[in-house]
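A.B. asks: Structure below; questions to follow.
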Amino acid sequence: MKGYSLLKGLLILLLPSLLLYGFSDRPAVHDYAEKRERMVREQIIQRGIRDKRVLDAMRRIPRHLFVDRSLWQVAYEDHPLPIGEGQTISQPYVVALMTEALRLKPSDRVLEIGTGSGYQAAVLAEIVKEVYTIEIRKGLKERAERLLRRLGYKNVKVRHADGYFGWQEYAPFDAIIVTASANHIPPPLIKQLRDGGRLIIPLGSTLYYQTLTLITKKGQEIVTEQMGGVTFVPMIGEVQKR
Ligand code: SAH
């Protein structure tokens, strides 16, 4: 009988917290999986993205973990969100559009300029073999690096530097993605792109509007394709001096 009353005592002690947990406003994990599925269907597939690897990556990655806890509930909505230091995580559709445009293969090595929250790097890491990502703001670099490590991405290297100069040590890259806006393509990035490689960047000289531009390197030639209007936070550092 002693054991029984102990059990009862324990239950009485624990019950309130169990109930509290059940009714708290903390959303369950499956809640986010549902939100993610809806995001992919309604924002991404419906707008024409077809690359299965991109869709699967975005179905898997817990995007809410890349923003502050106070924004978890809105992390899967159709817009960018603040990530601190005046920077933003891109709208899910823009992430999908840019990633698909790079026509990635599993064996690829990709360079990202503008790590930010690390979300885009995670999407890339789900698809390709090696991801190199550069962030100029130290606090963001460290936070993103920590989260990517916690989520188990062993194929991402994060560096604190001005991405204008690329990452010579690991060049050439099969693809380069610049997730901050610039009024020109940093020449070192074109140099570090392999022949046949693709680079995508929001190009424009205003703060509010840029043109998503895809270039393909073909020998000495650069083929350019414009993919529509976007709004990104500006790239800072060397790019603003030229
Ligand atoms: N790709 C990010 C969002 C990028 S926001 C994500 O998935 O969350 C743009 C980022 O570019 C910001 O974090 C900003 O600090 C960074 N940035 C701006 N200029 C840079 C530069 N010259 N080199 C590297 N990163 C830069």
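The values are calculated or read from the model by the stated rules, or taken from the named source; none is laboratory data. Every value quoted in this text rests on a predicted model; they were computed, and no experiment measured them. Here Cβ is always computed from backbone atoms with ideal geometry, including for glycine, and neighbour counts include all displayed protein chains. Ligands, DNA and RNA are stripped out before the accessible areas are found, and what is left, the full protein with its side chains, is counted by its heavy atoms. Shrake-Rupley method; radii C 1.70, N 1.55, O 1.52, S 1.80 Å.
A.B. asks: Please find, among Pro80, Pro92, the residue that is within 12 Å of the ligand (Cβ to nearest atom), farther than 23 Å from His184 by Cβ and open to solvent by 50 Å² or more (accessible area, probe 1.4 Å). So that I can check it myself, show each step before the final result.
C.D. replies: Working: Pro92 fails: open to solvent by 50 Å² or more (accessible area, probe 1.4 Å).
Going through Pro80, Pro92 in turn, just one is within 12 Å of the ligand (Cβ to nearest atom), farther than 23 Å from His184 by Cβ and open to solvent by 50 Å² or more (accessible area, probe 1.4 Å): Pro80.
A.B. asks: Let me ask something else. Is there any pair with a first residue in region 160-187 that is over 22 Å from Lys105 (Cβ atoms) and open to solvent by 10 Å² or more (accessible area, probe 1.4 Å) and a second that is of a type in the set (Val, Ile, Thr) and in a helix (DSSP H, G or I) whose Cβ atoms are under 8 Å apart and which are 6 or more apart or on different chains, and what are they?
C.D. replies: Asn183/Val239; His184/Val239
A.B. asks: Could you check region 133-161 and list, in sequence order, the residues that are among the hydroxyl-bearing types (Ser, Thr, Tyr) and under 24 Å from Leu189 (Cα atoms)?
C.D. replies: We begin by selecting, within region 133-161, every residue among the hydroxyl-bearing types (Ser, Thr, Tyr); these are 133, 153.
The one that is among the hydroxyl-bearing types (Ser, Thr, Tyr) and under 24 Å from Leu189 (Cα atoms): Thr133.
A.B. asks: If we keep just the residues of region 99-121 that are open to solvent by less than 10 Å² (accessible area, probe 1.4 Å) and of a type in the set (S, T, N, Q), which is farthest from Trp72 (Cα to Cα)?
C.D. replies: Among those residues, the one meeting the criterion is Thr99.
A.B. asks: Now for a different question. From the list Gln240, Gln220, which one is more than 16 Å from the ligand (Cβ to nearest atom) and out of contact with any Leu (no Cβ under 7 Å at 6 or more places or on another chain)? Spell out the reasoning first.
C.D. replies: Details: Gln240 fails: more than 16 Å from the ligand (Cβ to nearest atom).
Residue meeting the stated conditions: Gln220.
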